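Student: Let me begin by handing over the structure; questions about it come next.
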Amino acid sequence: MVLELAGNRVLAPWFGNTLYTWTGLIGVILVSISAGCYLGGYLADRRPEFVVLAHLMGLAAIWSAWIPLGQSYLAGLPDRTGVLWGPVVATLVLFAAPGCLLASVSPFAVRMVSLLSRDRSVGVSAGSIGMVSTLGSVLGTFGAGFVLIPHIGVRSVFLVTALILGVLAAAGYWLFWSPLRSRKGTAAAIAAVFAGLWAAGWLGGGAPPDVLFDQTTFYHRIRVKEQPTPDGDRHRTILLDSTIEGAQLVHSRRLPSLYQKYWQLARIFCPRLETAAFLGGGGFAMPEALADYYPRARIEVIEIDPVVIEVGRRFFRLDQYESRGQIFPVTDDARRHLRRTDQQYDLVVADAFHGIRCIPGHLITREFFQLVKSRLREGGVLLVDIGASIAGPDAAIFQSVLKTVDAVFEHRAVFATQPEIDKHAIQNLFIVAAAHDLEPSLAAARRLPAGDTLHEVLAGYLAPGEYDTPLGVVFTDDWNPIEYLAARTVRKRP
């Protein structure tokens, strides 16, 4: 179970934390467990000796220690296999062997314990080993999920696992294998364990110089990178797994990313904004820009990962806006928070999507949009930010989200951050939805002086005739194929 839980954290940066990643991981692990059960039974009949247990655990220790090095193999795998079958291939390469070896221990141990009683208590032996094995799985599940992965990191989890297995194997060799019962043999075994750990990078190595922060949490691997810009500033980004989720300039308030200026849609549709909620934190650039323009507004940022909020305070100026009482970060799932709060908002921004590979399905369904609508004040609007293509065979994501929004809201408008590029290309698209007519707000914005930066945003407006929804379906809590659509889209990309 430790390998399975930590394995997801190895695969997620490359394939996303999706249904297909978990399916591939669990499926291959189950196959390896089946093979291991047969292998353990076969070895128990052919060579019922305790030293064989040491061999099995020693091999599993070596493979577990190799996994941190083997991660480099994954770098080009998504492009070759796609996100549908990539997790299967990656799990076969990294985790099938240790899974098989560890699964072979239980049937072999049953045979050895049974031999100690001269086969008079085979049932008790099988039951006892099964009980211990299951309790170990429970301990591994809670220990890895609640303690090890969040606090020591994924690489260290595998190395701690390798160390424990190595110590058990060394103890078995010392007890049951005469060549290692000498002092020289014991010293050689200990040296081999530490040499393996050193090779895997536990005792050496370090983060690249441009990485300011690197931590694996319950939800993501979070990294903060900083690089110089040509004008002498510093460009800082936050990555959740493999996706850049936000950016900021260290010495300037200028927004470095094209999509970030679309916070100004609030100026068009919420000119008297008092309350807003951002679903997803990222680099906090858009809520901070909104707070600069509306200094008296109350802006909530609902972020499920508390470490993202801490990163925002340390690296993205969030602490300054908190101290001024402008931005209020909330650690919670966005949908759960909206269900529990009584707050009514002028603006809700759905921005919890991590690229195309990881779109939270429960935040794009009809039931979710109905919940958002119930939390909007009269005249309030929903703003959905999603990366997708407008037309072509890969447009099903955008068209389905749009069709689902249309099933709840009476009026909507669509803005493209790059309206000049091919509609088949993926770009950030913003859907503005409301219960009231949006045309008067658009008309008023178009009358602003020519130098107003709002005209840059208005240039991305897509007239209704510029898009359609022939590939769209209405997402519901009961039926939501978003991960299939995302996997299909990513697989087709060069």
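Taken together, the values in this text are just the output of simple stated rules run on the coordinates, not laboratory data. Just so it is clear, the model here is predicted, and its values are computed rather than measured. Ideal geometry is used to build each Cβ from the backbone, glycine not excepted, and the neighbour counts take in all protein chains shown.
Student: In the range 222-492, with Lys and Arg counted as +1 and Asp and Glu as -1 at Cβ, which of these residues, Ile302, Pro228, Tyr259, has the Cα nearest the positive end of the dipole, that is, farthest along it?
Tutor: Pro228
Student: Percent of Cα-Cα pairs per 10 Å bin, from 0 to the last occupied bin, for the range 237-345, please list those.
Tutor: In order of increasing distance, the bins hold 14, 48, 34, 4 percent.
Student: R0 = 30 Å: FRET efficiency of Phe218 with Ser72, Cβ-based, nearest 0.05? Intermediate values should be presented prior to the final figure.
Tutor: Details: r = 25 Å, r/R0 = 0.83.
Once the sixth-power term is evaluated, E becomes 0.75.
Student: Now a separate question. For the pair Phe50/Val211, report the inter-label distance in nm, with labels modelled 7 Å from Cα in the Cβ direction.
Tutor: With each label placed 7 Å out from Cα toward Cβ, I get 4.2 nm.
Student: Set the Förster distance to 41 Å, then compute FRET efficiency between Val138 and Arg324 from the Cβ-Cβ distance, nearest 0.05.
Tutor: Working: r = 47 Å, r/R0 = 1.14.
For R0 = 41 Å, the calculated efficiency reads 0.30.
Student: What distance in nm lies between label points placed 7 Å from Cα along the C-beta direction at Asp233 and Ser34?
Tutor: Label at Asp233, label at Ser34, 5.6 nm between them.
Student: Another one. I need the phi-derived Karplus couplings for the range 135-144: 6.51 cos²θ - 1.76 cosθ + 1.60, θ = phi - 60°, integer Hz, Gly and Pro marked x.
Tutor: 4, x, 5, 4, 4, x, 5, 5, x, 5
Student: Give the Rg (one decimal place) followed by the Dmax (whole number) of the range 222-492, computed from C-alpha coordinates and expressed in Å.
Tutor: When restricted to Cα atoms, the range 222-492 yields Rg and Dmax of 17.7, 51 Å.
Student: I need the chymotrypsin sites (Phe, Trp or Tyr not before Pro) found in the range 424-484, filtered to DSSP loop residues with at most 12 other beta carbons within 10 Å of theirs.
Tutor: Trp479
Student: Express the Stokes-Einstein translational diffusion coefficient of the chain in µm² s⁻¹, to the nearest whole number, given a Kirkwood radius over alpha-carbon pairs, 20 °C and a viscosity of 1.002 mPa s. Present the calculation step by step, with values, prior to reporting the outcome.
Tutor: Details: Rh = 25.4 Å.
Approximately 84 µm²/s, per Stokes-Einstein.
Student: Next up: Counting only residues 5 or more places away or on other chains, whose amide H sits under 5 Å from the amide H of Leu212 once H atoms are built in the peptide plane?
Tutor: It is Val224, Lys225, Glu226, by chain and number.
Student: Please give the residues of the range 28-52, grouped as numeric ranges, whose backbone N is less than 18 Å from a label point set 7 Å along the Cα-to-Cβ vector of Trp177.
Tutor: Counting only backbone N, you get 40, 43-44, 47-52.
Student: Check each of the trypsin sites (Lys or Arg not before Pro) in the range 286-347 and keep only those in coil by DSSP with at most 10 other C-beta atoms within 10 angstrom; list them in order.
Tutor: On the way: sites: Arg296, Arg298, Arg313, Arg314, Arg317, Arg324, Arg335, Arg336, Arg339, Arg340; in loops: Arg296, Arg317, Arg324.
Answer in residue order: Arg296, Arg324.
Student: Then there is this: With θ set to phi - 60° and the Karplus curve 6.51 cos²θ - 1.76 cosθ + 1.60, what are the ³J(HN,Hα) couplings of the range 2-14 in order, to the nearest whole Hz, using x for Gly and Pro?
Tutor: For the range 2-14, the Karplus curve yields 4, 4, 5, 5, 5, x, 4, 5, 6, 7, 4, x, 9 Hz.
Student: What full-extension length gain, to one decimal in nm, is calculated for Arg254 and Thr476 as 0.36 nm per residue of separation minus the Cα-Cα distance?
Tutor: Details: separation 222, 0.36 × 222 = 79.92 nm, distance 3.86 nm.
Length difference between fully extended and current span is 76.1 nm.
Student: Please list, ordered by chain and number, the residues whose modelled amide H lies under 5 Å from the amide H of Leu429; skip anything fewer than 5 residues away on the same chain.
Tutor: Under 5 Å from the amide H of Leu429: Ile386, Gly387, Ala388.
Student: Okay, moving on. Among the trypsin sites (Lys or Arg not before Pro) in the range 45-123, which ones are in a DSSP loop with at most 11 other Cβ atoms within 10 Å of the Cβ? Mind listing them? Intermediate values should be presented prior to the final figure.
Tutor: Numbers: sites: Arg46, Arg80, Arg111, Arg118, Arg120; in loops: Arg118, Arg120.
Qualifying residues, ordered by number: Arg118, Arg120.
Student: Continuing with this model, one more query. Among DSSP beta bridges lying fully in the chain, give the percent that are antiparallel, nearest 5. Show your work: numbers first, answer last.
Tutor: Details: 35 of 54 bridges.
About 65 percent, rounded to the nearest 5.
Student: Highest first, please rank the peptides 100-107, 170-177 by the mean number of other Cβ atoms sitting within 10 Å of their residues.
Tutor: Values: 100-107: 23.2, 170-177: 17.1.
Descending packing order for the listed peptides: 100-107, 170-177.
Student: Here's a follow-up. State the antiparallel share, in %, of DSSP beta bridges confined to the range 222-492, rounding to the nearest 5. All intermediate terms of the calculation are to be shown ahead of the outcome.
Tutor: Numbers: 30 of 49 bridges.
Looking only at bridges with both residues in the range 222-492, the antiparallel portion is about 60 percent.
Student: Can you find, among Val122, Gln399, Ala65, the residue farthest towards the positive end of the dipole of the chain? Put +1 on the C-beta of Lys and Arg, -1 on that of Asp and Glu.
Tutor: My answer, from the dipole projection, is Val122.
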